1. Cβ neighbours within 10 Å, averaged per peptide: list A:401-410, B:99-108 in order, most packed at the top.
2. Which whole number gives the average count of other chain Cβ atoms within 10 Å of the Cβ atoms across peptide B:70-80?
3. How much length would be gained if the chain were fully extended between A:Ser590 and A:Gln805, taking 0.36 nm per residue of separation minus their Cα-Cα distance, in nm to one decimal?
4. Taking a quarter of the surface of the convex hull around the Cα atoms of the stretch A:214-310, what do you get in nm²?
5. Can you give the mean number of other chain Cβ atoms that lie within 10 Å of the Cβ atoms in peptide B:55-65?
6. Quick one: net charge of A:Ser533's neighbours, Cβ under 14 Å, K/R +1, D/E -1?
7. Beyond 14 Å, how much of the Cα-Cα pair distribution for the stretch A:747-807 remains, as a whole percent?
8. Using a basic spin-label model with each label point 7 Å from the Cα along Cα→Cβ, how many nm lie between A:Arg284 and A:Ile39?
Amino acid sequence: MPIKALRLRLRALLQRDAVEQELNDEIRFHIEQETEKNIRLGMSAHEARRQALIVFGGVERAKEDYRDGRGDRPLADLRSDVRQTLRTFRRNPTFVAAVVTTLALGIGANVAIFSAVSAVMLRPLPFPQPDRLAMLWEDNDEKGWSQQTAAPANMLDWQEQVRAFSGLAGYQDFFEQSSLETPTGPRVVNGVAVTGGFFNVLGVRPALGATFTEADTWASGKRVAVVSDQTWRQHLGADPGIVGRTVTLDGRPVQVIGVMPPDFTFPTNDTGLWTPIAWDPADRGQVWFRRGHWMRPFARLRDGVTFEQARTELQTVMGRLETQYPATNTRMKAGLGPLREFRVGPTRTPLLVLLGATGLLLLIACANIGNLLLVRAASREREVVLRRALGAGRGRIARQTLTESFVLSLMGGAAGLALGWWGTRALVALQPAGLLPVADVRPDLRVFTFVLVLSTLSALLFGLAPALWSARRNAVDILKESGRTSSESRRMRRWGNALAIGEVALALMLTVGAGLLLRSFWHLTRVEPGFESRGVLAVSLAFHPGRYQELAGVTGFLQQLRARVGGLHGVDGAALSSRLPLSKNTGWTSDFAVRGQPISETSREIMHREVGPGYFRTMRVPLVSGRDFTGTDRAGAERVAIINQAMADQHFRGRDPVGEMIAFDREPDTTSIWHRIVGVAGSEHQKSLGEPPRPEVFTALEQTPRRGVHVVIRTATDPHLLVPAVEGVISELDPGMPVLTAVTMDDAKSRSLARERFLATLLLAFASVGALLSIVGVYGVVAQLALRRTNEMNIRIALGAQAAQVRWLVVRHGLTLVGAGVVTGCILSAALGGAVRKLLYGVGPLDPFTFVVMPACLLLTGLVASWIPAVRATRTDPAGALRSE
Amino acid sequence: MPPTESDVLRGTLDLLILKTLTLAPMHGWGISQRIQEHSRGVLDVNQGSLYPALQRLEQRDLITSVWQTTENNRRAKYYTLTVAGRRAVGAETAQWRRYVMAVESILQTT
């Protein structure tokens, strides 16, 4: 289109009124001139004007043609449609409110969940070329290892020998809580030790200062650290001169060399500090360097190398290592996968299930709205007929209806976006710590597009049907109808029934899903953790070499601590343990061998813990056989060990393990240290209630001391009350000792279930809303029919029928709808049950209890929802009904 | 594609307007008067159809418009030929003559 034409049209569009006014002026001028001419020719003023108008030939027609030429006709029509729509809405505020609220609920839920999905699963990782990054791991089918941590020596060999990697780095897979000295006192920071190439392989640059180099993998004498943005702001006062400053970490001076940007949250989103792993080069050749597995390596693939090629090469190298080092690497395999998979993996299923739930919710909402619109379309039929008679085309009327749907859906979409934005914030705030691996979950461009698409689809979904309906109807039929049954109104009832049944079916799927998750959660809460969690406080301490050079000092401190705390008022017992049950840090594992037993082929891995005397009594873990550790089990005395029931069941079937000798090597030799088993204790759940206890061995803390210790304290009163007293004892014994954490075991147990609780709660919320919407939908359909049949029912009563019988007709209608919906829903739920299998514990996807209770609930609510219109319909005066016929 | 009847009529009107404007810039009413005068009353153009035609011509960039005051101190929109418009007059006139001759020749043979 030529420029001039475009400019004129644009002007016509943007300065509508001015252009319109110009046209009016021009034509007025024309008429005036013609009128004056006529006056000059001798006509009267009145006649002159009349003639002028006749000769002009239709002012409005000219204006119309002019406007047509402008090409903004469709737009003008749209504007008038929209204005008409808004006028109609103003007259029916309840209808609009109902539709917008319903749609807002449906879209809002979707926005909240989709924001999380977008942030976690769709947004690329904040590294350059993130799809070239791979996570590496070791597998061992003999031990049942899959995607396990790697041994440092293996990791370094991969770095040297695998050509497919342009860089390899790793982090230590246990997260140390360190104590950072700040002006306001010691603060706990989550630190992680990393190899030198950590930041370079990821490709991230610091916001301030510098990061580590490859040389930092090996000890160099200087102690440095890189801090996270959050640590810098919260604990270091956002000091712009932080680079080069020395801070006190765990009692020792450390120089801060860099600050990371705010969106860098690797490996977890609460990592506050990165320190170089600083290995001793002499350790490189040691056996334990290859035997222990505690590194999480990752690598960047070279350009042009596929994951498949890299994997093959890695496995080849690992095969070589297996022959080179049979003592440690037999049956050890290696594998790799995209880094994103590793990060996202555990959250994928819950998120997708939630997304599915919100999708169902939206469908229910749309069905509800569809019904509302259908009813409305039916009630406006006469108006439509009139408009048709006045010349409006079929298409025009359909367009009007469609415009209404679009305006409604836009309003609903906007409201939904607002609701969803708020919902996202609530989701992030209420999530159990670390459920979402990304710190920043916010509606972004993807979400906005999503909302737009959803709104448009919704508009089409529930707008098209009434639009088609309106356009198809025959004018004569409409005018002939007077509200009694006819073929068309029967058709409308069928549609209404179908929509209601569909809604109930979807709602049932939601409630069954929620029910299954709730039952899972309930089962989990009933799992015995192996110890008595009520009334126990756990305080964790760390003895860093800066303050406690000699382990003897640690032991001395702990003995005094236990004695003093045990003597506090209200304390029933106190004990020490290197680790707590139901915690993320599962400690270390090793091979084992029992003297006299042949090396078997079954899983030979055992977990380790170091505990002091009295631990089992304090935690109320039953001592099944033998004895607990006592004061005699100290350094220099015979090495003793206590195993748990799981270990006894697995390896000492039938026999009493007490008295047997156990060593923690795969093939014991002269350097192995043999421990005498002196007792068998009940099994605690080491990691979570959902996972069964694994074989575990306890060694005496005094014989195998550790620098990180938990003090468990039992009291008959509320454990929280003890915290100040315990902290007081600690600071008396050592004023500078920071208390890292103080939690009650009840809280720990509750926290271990946080995920399942959260998921179940969310799904319950969605299911409740869905059920409510669907019941409202059923109510609507039933009430509508009852209304239409009011006269008929009153006639029946007047002719002698019992009110109850007549009411039953209505209730039966409602129950039929709900029943059909429930049956359909059950079938669908059974078919799709497999999707949630991974999230369930103790129940299968076809759990009969849930499949009976949920439908029953819906039927009950459906009964109530049908009862109300039934009663209302039969309450009116029967005689009056007859008269009004 | 041979012009339809409305095309011809429209095209004729466009041509007449353009030709009228070769003499001097004029407002809409003035153009209608001139056409009437010069055709000696034969062409009684539907005056209303002038304005859509003027808009078309302006969109094709053959004329431009500007608001000015008349001698009687009234405001009116004056139209002027553009350079392209002046060229178009010749081309359109030639085309019209060809069209007339074609019709004539058909009429003479029957």
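Values quoted throughout were computed directly from the atomic coordinates according to the rules given, and no laboratory measurement underlies them. Since this is a predicted model, take the numbers as computed values, not measurements. We place every Cβ from the backbone using ideal geometry, glycine too, and count neighbours over all the protein chains shown.
1. Details: A:401-410: 22.2, B:99-108: 9.8.
Top to bottom by mean Cβ count within 10 Å: A:401-410, B:99-108.
2. Working: counts 2, 0, 3, 0, 5, 4, 6, 6, 0, 0, 0.
The per-residue average across the peptide is 2.
3. On the way: separation 215, 0.36 × 215 = 77.40 nm, distance 7.57 nm.
Extra length available between A:Ser590 and A:Gln805 comes to 69.8 nm.
4. Values: hull surface 36.7 nm².
For the stretch A:214-310, the mean projected area of the Cα convex hull comes to 9.2 nm².
5. On the way: counts 10, 3, 0, 4, 11, 3, 6, 1, 0, 1, 3.
Counting other chains' Cβ atoms within 10 Å and averaging over B:55-65 gives 4.
6. Working: positive: A:Arg526, A:Arg534, A:Arg620, A:Arg714, A:Lys749, A:Arg751; negative: A:Glu528, A:Glu532, A:Glu684, A:Asp718, A:Asp746, A:Asp747.
For residues surrounding A:Ser533, the net value is 0.
7. Working: 1320 of 1830 pairs.
Counting every Cα pair in the stretch A:747-807, those more than 14 Å apart make up 72 percent.
8. 11.0
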